[in-house]
Structures are given as C-alpha cells and as structure tokens.
Amino acid sequence: MRNFNPLSPDFAVDPYAVYAELRQLDRPPYFAPHDAYLLSRYDDVVSVVTNPAMVRTLEGHESEVEAKE
C-alpha cells in the first residue's frame, strides 16, 4: 500500500485488487497527500459516520455546484 494512489488512472481502471488488499489490513491506511484515512470496510464506515466526535460539517468546503455559481 506504500505507493497506492487512489487518484491514479490505473486505480480508476481497475480498483478491485486494491479494494481487496485494503480490506485485509488491520486498520484503515492513512493517505498523507489528503490527510485522510481510506475506509474500505462497511463496519469502518459505519463507525465513523455514526460517531458524533468525528467532523460532521462541510463548513468551509464548497461543492462543485456552489463553486461554479
């Protein structure tokens, strides 16, 4: 996973091998270029989106639609 780039064209063409590898890890890997963890397992996603301690606002972020207006 060291050289993994979720924004690469190769990943866009065939992400499934990477998804399988991500699910085998003990915990979500950190993706430093975006200061984010990559969640690939359902239980990981549920634990984040249902945890009120996690960032739950889009304040300061605009959508593509808003940016074009």
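Just so it is clear, none of the values below were taken in a lab; they were calculated from the coordinates. Since this is a predicted model, take the numbers as computed values, not measurements.
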Q.
Per residue of the range 27-34, what does 6.51 cos²θ - 1.76 cosθ + 1.60 with θ = phi - 60° give for ³J(HN,Hα)? Whole Hz please, x for Gly and Pro, Karplus curve as stated.
A. 8, x, x, 8, 10, 4, x, 10
Q. How much length is gained if the chain between F4 and Y19 is pulled fully straight, taking 0.36 nm per residue apart and subtracting their Cα-Cα distance, in nm to one decimal?
A. 4.3 nm
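Subtracting the Cα-Cα distance from 0.36 nm times the residue separation, let me have the gained length for V49 to Y30 in nm, one decimal.
5.1 nm
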